[in-house]
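Peer 1: Pasting a structure here, questions to come.
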Amino acid sequence: METRSSLPRLVDVAQAAGVSLATASRAMTGSSGVSPALAAHVQAVAAQVGYVPNSHARALAGGQASMIGLIVHDVGDPYFAEIARSVLRETESRGYMAMISQTERDPRAELSRIRTLRAHRVNSIVLAGSGYVTASAEADTAAEVRSFTAAGGRVAVIGRHHLPVDAVLPDNRRGAESVMRHLLDLGHRRIGVVGGPANITSAEDRLAGLRDVARARGLDWESVPVVHGDFTREGGAASTSRLMREHPSLTAVVALNDQMAVGALFWLLRQSRLVPGEVSVAGFDDIPVAADVHPGLTTVRLPLIDMGRQALELVLSPSAARPRRRRTGHELIVRASTGPAPERSGATGRTR
């Protein structure tokens with residue numbers, strides 16, 4: 001029987017890989033300061049010599065096929081909470097377990113989480129959350145994913161275009177088109193946008209949908225103010241404050257997710273602005289709270305639960321010759337937060 005003293009140690013991995021002990025440690029724990037290629041090399045050497053970082057990882061190594069890694073931007077965001085709930089439900093029904101971590105939209109943290117999951121011998125990972133507009137921001141993640149899949153790992157993403165793996169793609173652009181058509185049909189022409197972070201592709205796609213319909217319907221897009229902020233309720237309130245201070249005559253605000261829309265709604269009501277009498281508010285995603293706020297939030301419904309289920313199906317299925325793309329639909333949910341554009345002479349006789 002193998003004794004503890006005969007087990008390979010980290011120093012043995014370092015020597016076999018030709019790196020320092022510190023570098024080997026960082027590579028095995030997914031810490032920063034090690035390139036994706038070097039980390040993959042060290043981890044491959046560790047696997048060859050049979051090194052197990054600790055008893056917990058050793059247990060995982062014995063049952064690696066039953067463990068799924070889930071990485072989200074923010075587990076407290078209802079958008080990601082719904083996706084995570086779906087993944088957890090599906091993994092349990094299939095006899096798997098899930099390890100969940102978050103990145104707070106930091107590409108460096110994302111890279112670290114992937115490396116940590118690899119160090120724990122997880123061989124299936126779901127990445128949920130937007131990619132980045134600048135390709136260089138996710139170049140290291142892309143290299144790590146390629147290394148992981150080349151070694152037999154499986155990755156599926158939700159809401160990302162550019163990583164070379166299977167993807168579930170929410171209907172961001174067409175959903176935004178539906179919102180803009182709705183507001184224009186109500187007579188709004190002075191529309192502002194609470195745009196979310198400027199560096200992520202989901203915000204860019206949703207802006208593109210708004211822009212396409214605005215231009216097609218004769219509205220000068222250059223006259224539509226866009227304020228970027230955090231995808232949070234606080235970010236929505238702060239962005240709406242700036243938007244309305246700089247453009248007080250706006251009659252409609254589109255927020256690019258529901259948390260920001262809720263922040264916009266609350267800020268407007270605190271300022272004694274009538275919603276939708278003076279200013280209509282629309283959001284995106286249809287998170288659970290959207291129906292509970294007053295007035296109820298007009299928004300774009302994405303199939304969040306189904307998105308999580310589809311991503312898990314992809315990551316657990318055999319790899320295909322080319323990355324698969326599953327595109328979702330959307331539904332415009334019209335509630336009480338949007339109404340006809342007020343006359344320029346002012347809002348009278350309307351309710352909050």
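The values are calculated or read from the model by the stated rules, or taken from the named source; none is laboratory data. The structure displayed is predicted, hence computed values, not measured ones. Neighbour counts are summed over all protein chains in view; Cβ atoms, including those assigned to glycine, are modelled from backbone coordinates with ideal geometry. To get the accessible areas, we keep the full protein, side chains included, count just its heavy atoms, and leave off ligands, DNA and RNA. Shrake-Rupley method; radii C 1.70, N 1.55, O 1.52, S 1.80 Å.
Peer 1: Determine the dipole magnitude for the stretch 291-344: charges of +1 sit on the beta-carbon of Lys and Arg, -1 on that of Asp and Glu, nothing else is charged, the reference point is the Cα centre, and the result goes in debye to the nearest 20.
Peer 2: 380 debye
Peer 1: Given springs between every Cα pair under 10 Å in a Gaussian network model of the chain, which of Ala109, Ala238, Ala150 has the largest fluctuation?
Peer 2: Residue with maximal mean-square fluctuation among Ala109, Ala238, Ala150: Ala150.
Peer 1: Oh, and also: Under a GNM of the chain (C-alpha, springs under 10 Å), which listed residue has the highest mean-square fluctuation: Leu297, Leu38, Leu268?
Peer 2: Among Leu297, Leu38, Leu268, the largest mean-square fluctuation in the Gaussian network model of the chain belongs to Leu38.
Peer 1: Might you report the magnitude of the Cβ-based charge dipole of the stretch 222-324 about its Cα centre, with Lys and Arg at +1 and Asp and Glu at -1, to the nearest 20 debye? Before the final figure, lay out the partial values.
Peer 2: Working: 9 positive and 11 negative charges, 19 e Å.
Here the stretch 222-324 has a charge dipole of around 80 debye.
Peer 1: Report the local net charge at Ala137: Lys and Arg +1, Asp and Glu -1, summed over other residues whose C-beta lies under 11 Å from its C-beta. Before the final figure, lay out each step's value.
Peer 2: Working: positive: Arg105, Arg108; negative: Asp106, Glu110, Glu138, Asp140.
With Lys, Arg at +1 and Asp, Glu at -1, the neighbours total -2.
Peer 1: For the stretch 282-341, rounded, prolate or oblate, judged on the Cα gyration tensor with a ≥ b ≥ c (square roots of eigenvalues), a/c < 1.5 rounded, else prolate if a/b > b/c? Could the numbers behind the result be given before it?
Peer 2: On the way: a/c = 6.15, a/b = 2.84, b/c = 2.17.
Prolate shape, in that a/c is at least 1.5 and a/b is the bigger ratio.
Peer 1: If you fit an axis through the alpha-carbon atoms of helix 258-270 and take the longest principal axis of the Cα set of the chain, what angle between them do you get, 0 to 90°, nearest 10?
Peer 2: Roughly 40 degrees, rounded to the nearest 10.
Peer 1: Right, next: Could you give the angle, 0 to 90 degrees to the nearest 10, between helix 36-49's Cα long axis and the longest principal axis of the Cα atoms of the chain?
Peer 2: That helix lies at roughly 40 degrees to the long axis.
Peer 1: Show me the ranking of peptides 313-323, 329-339 by mean Cβ neighbours inside 10 Å, starting with the highest. Don't skip to the answer; put the middle values down first.
Peer 2: On the way: 313-323: 13.8, 329-339: 18.5.
The peptides rank, most packed first, as 329-339, 313-323.
Peer 1: Roll a 1.4 Å probe over the protein heavy atoms and report the accessible area of Thr116 in Å², nearest 10.
Peer 2: Only protein atoms counted, so the area is about 40 Å².
Peer 1: Further, regarding this structure: For every helix of n ≥ 4 consecutive DSSP H residues, a contribution of -39,500 (n - 2.57) applies; sum these over the chain, divide by its total residues, and give [θ] at 222 nm rounded to the nearest 500 deg cm²/dmol.
Peer 2: Working: 12 runs with 150 residues, N = 352.
Here the helix-only value at 222 nm equals -13500 deg cm²/dmol.
Peer 1: Along the positive direction of the dipole of the chain (beta-carbon charges: Lys, Arg +1; Asp, Glu -1; about the Cα centre), which of Pro342, Ala143, Ala291 reaches farthest?
Peer 2: Ala143
Peer 1: Going from the alpha-carbon gyration tensor of the stretch 138-227, what semi-axes, largest first and in whole Å, does one get by taking the root of 5 times each eigenvalue?
Peer 2: Numbers: eigenvalues 251, 33, 14 Å².
Each semi-axis is √(5λ); the values are 35, 13, 8 Å.
Peer 1: With a sphere of radius 9 Å drawn around the Cβ of Ala39, what net charge do the other residues whose Cβ falls strictly inside it have (Lys, Arg +1; Asp, Glu -1)?
Peer 2: Net charge around Ala39: +2.
Peer 1: Quick one: which residues, 5 or more positions from His161 or on another chain, have an amide H under 5 Å from its amide H? H modelled 1.01 Å from N in the peptide plane, none for Pro or chain starts.
Peer 2: Amide H neighbours of His161, under 5 Å, 5+ apart: Gly131.
Peer 1: What part of the accessible area of the chain, given as a whole %, is carbon or sulfur when the probe is 1.4 angstrom?
Peer 2: Exposed carbon and sulfur together represent 50 percent of the surface.
Peer 1: Find how many whole Å separate the alpha carbon centroid of the stretch 172-214 from the alpha carbon centroid of the stretch 311-335.
Peer 2: Cα centroid to Cα centroid, the span is 23 Å.
Peer 1: Hull surface divided by four, with the convex hull built on the Cα atoms of the stretch 225-352: how many nm²?
Peer 2: On the way: hull surface 37.6 nm².
One quarter of the hull surface, i.e. the mean projection, equals 9.4 nm².
Peer 1: Looking at the stretch 246-318, which chymotrypsin sites (Phe, Trp or Tyr not before Pro) are in a loop (DSSP not H, G, I, E or B) and have at most 14 other Cβ atoms within 10 Å?
Peer 2: Loop-located and lightly packed - none at all.
Peer 1: So how strong a dipole does the chain carry about its Cα centre when Lys and Arg Cβ are +1 and Asp and Glu Cβ are -1, to the nearest 20 debye? Spell out each step's value before the answer.
Peer 2: On the way: 41 positive and 34 negative charges, 41 e Å.
Using only the charged Cβ atoms, the result is roughly 200 debye.
Peer 1: Next question, about the same structure. Lys and Arg at +1, Asp and Glu at -1: add these up for the other residues within a Cβ distance under 10 Å of Ala167 and post the number. Walk me through the numbers before you get to the answer.
Peer 2: Details: positive: Arg160, Arg324, Arg325, Arg326, Arg327; negative: Asp166.
Net charge around Ala167: +4.
Peer 1: Under a 5 Å amide H to amide H cut-off, with H placed in plane at 1.01 Å, what residues pair with Ile100 once short-range neighbours are removed?
Peer 2: Leu70
Peer 1: Still on this model: Can you give me the angle between helix 304-316 and the longest principal axis of the chain, using Cα atoms only, in degrees from 0 to 90, rounded to the nearest 10?
Peer 2: Value to nearest ten degrees: 20.
Peer 1: Rolling a 1.4 angstrom probe over the protein chains, ignoring ligands and nucleic acids, what is the accessible area of Val213 in square angstrom, nearest 10?
Peer 2: Counting only protein heavy atoms, Val213 exposes about 10 Å² to solvent.
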